[in-house]
Structures are given as structure tokens and as C-alpha cells.
Amino acid sequence: SQIADPETCDQMYESLVRIHNNYYKNKYPRLKDTSFTGVTVQDCKMILATDILKQMEDMKKGTWKKLRERFYAKKSEEDLK
């Protein structure tokens, strides 16, 4: 097949090659590996992990709610026996 505008196609290809090779990342290195919030990549990965999300949800619960869930869980286990 023929390309309608080979020059534009070449420019797009070169742009994609630069993105793929991290040209701009290497040309303009970051001073720190953080975002504007100050959170590092490792922190983001840790926060997004499902185990951590569950722990954070548990931390958000109030003390009374945690106690109530524990006692209801024990009571239902005793009822099964």
C-alpha cells in the first residue's frame, strides 16, 4: 500500500522511536523520583497493593466498629460448633 504523506509518516515514526528509547527521559533527567505530591514510585506501588489497601480500610474503621466485627466473628464461630 502507498502512504499518502511519507514525510509525515517518517516524522511520526521518529517520534515513536524517541518515546520507545526514553530519549526525553534521558535528555532531561529528573532530580528526584517523586511526583508533585512527593510520593515515590515505591510508595505508590505499596499503596496500590491489595494487601495494603485492605489494611488501610481497616485503619479507617473506628475502634467500636473493629470491636463489634471481632465479637460478631467469634459469636458466629461459636454458633457453628
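Where a number appears in this text, it was derived from the coordinates with a stated rule and is not lab data. Quick caveat: nothing in here was measured; it's all calculated off a predicted structure. Backbone-built Cβ (ideal geometry, glycine too); neighbour counts: all protein chains shown.
The table below lists the values:
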item: Cα point-scatterer Debye curve for the chain, base-10 log of I(q)/I(0) at q = 0.14, 0.21 Å⁻¹; result: -0.78, -1.03
item: Net dipole in debye of the chain [+1 Lys, Arg Cβ; -1 Asp, Glu Cβ; about Cα centre; nearest 20]; result: 820
item: Computed [θ] at 222 nm, helices only, for the chain once each DSSP H run of length n ≥ 4 contributes -39500 (n - 2.57); result: -21500 deg cm²/dmol
item: Distance between segment 32-61 and segment 1-16 - C-alpha centres, whole angstrom; result: 42
item: Residue 40 long-range amide H proximity, modeled H, under 5 Å; result: none
item: Spacing of the two label points (7 Å from each Cα toward its C-beta) at residue 36 and residue 71, in nm; result: 4.8
item: Using a Förster distance of 35 Å, the FRET efficiency for residue 60-residue 25 (Cβ separation, nearest 0.05); result: 0.45
item: In segment 36-76, the trypsin sites (Lys or Arg not before Pro) that fall in loop regions by DSSP, at most 12 other Cβ within 10 Å; result: 61
